1. Under Stokes-Einstein, with the Kirkwood radius over Cα pairs standing in for Rh, what whole-number D in µm²/s applies to region 143-227 at 25 °C and 0.890 mPa s?
2. Can you tell me the length gained on complete extension of the stretch Gln184 to Leu48, counting 0.36 nm per residue apart and subtracting the Cα distance?
3. Sorted from largest down, give the three principal axis spans of the alpha carbons of region 71-133, whole angstrom values.
4. On alpha-carbon atoms, Rg over Rh for region 231-290 using Kirkwood Rh?
5. Any chance you could run the full-extension gain for Glu211 through Glu292? It's 0.36 nm times the residue separation minus the Cα-Cα distance, nm to one decimal.
6. For region 160-294, with only Lys/Arg (+1) and Asp/Glu (-1) charged at the beta-carbon, what is the dipole magnitude about the Cα centre, in debye rounded to 20?
7. Would you mind working out the magnitude of the charge dipole of region 143-227 relative to its Cα centre, with +1 at each Lys and Arg C-beta and -1 at each Asp and Glu C-beta, to the nearest 20 Debye?
8. Which is farthest toward the positive dipole end of region 71-133 among Gln115, Leu98, Ile80, measuring Cα position about the Cα centre, with Cβ charges +1 (Lys, Arg) and -1 (Asp, Glu)?
Amino acid sequence: MEKFKSHFVFNKSQRNGILFLLIVIVIFFGIYHFIDFSEEDVLVTNSLEISKIQNELDSLRLIEIASRKPKMYPFNPNFITDFKGYTLGMSPEEIDRLKKFREKDQWINSVKDFQEVTKVSDSLLNKISPFFKFPDWVTNSKQKKVYANNKGFKEKSFAQKTDLNKATLEELQQVSGIGSALSQRILDYREKLGGFSDNMQLYNVYGLTPEVVQRVLNEFAVKTPKKILKMNLNKISASDIATVPGISFELAKRIWEYRILNEQIKSFSELEKIEGMTPRKLQGIQLYLKLEKK
């Protein structure tokens, strides 16, 4: 009994320690019961400041998304490739209709023509037609007026026209505005090319104005085109690009540098922003070059 009682006998220092411990327990007990420790939102998400920051972030996100979309530049709808048509939002059927139309040596000369041939929807047409860029002889009303008023002019069908690759000096000279010098230049250029591959190559003949070219093309058409083995623009050198008729080495070098800088060219329309590039040169490039991944 005495031994058991000794466990409950404390000296002054021990009693003070026990008292201090009891006080601490009481304090923590009071804190636990009288102070709410439930979690509260530190950040008020519906405040005016937070809403303003969120709006700014949303605006920046939309700008970033827009910057990733491919930019659209003016282009000639007569030379829409499969890839270009896909990026414009055209269906494969609409692209095929355009290709079949062009294979007949026919041309799209207006927004109305484009829709009639491709059957694209009004909404898509309204979206892409502002970027259509036709040759000068189509868009220049004065040129069209002079051409239309030529005495005796009557547009011929493809079947009625003579093969431009078989035309003689005498036959070419029957066209108004074509004399012995210009007819010889046409034949010389045809020989240099090894034969015309497309009607538009006639525009590269020195001295032929767009009006005269149109008179020639009303009588002649390329019916036996020379087959061109197209080079991949994403692989060839500047010297190879310069072999394209009408493309100088300086312009070829700019095209090559643009490709190196951007790793590859995805659409011919990208070349429109290169200094020195014209719609006619771009058309010529598409006759001799193609776009494939490296």
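None of the figures in this text is laboratory data; all of them are computed from the coordinates on show. Predicted model, so just to flag it, every value in this text is computed and none were measured. Note that we place each Cβ from the backbone using ideal geometry, even for glycine, and neighbour counts take in every protein chain shown.
1. Approximately 189 µm²/s, per Stokes-Einstein.
2. Between Gln184 and Leu48, full extension yields an extra 41.1 nm.
3. 30, 21, 20
4. 0.89
5. Length gained, Glu211 through Glu292: 25.6 nm.
6. Dipole of region 160-294, to the nearest 20 debye: 480 debye.
7. The dipole of region 143-227 has a size of about 220 debye.
8. Ile80
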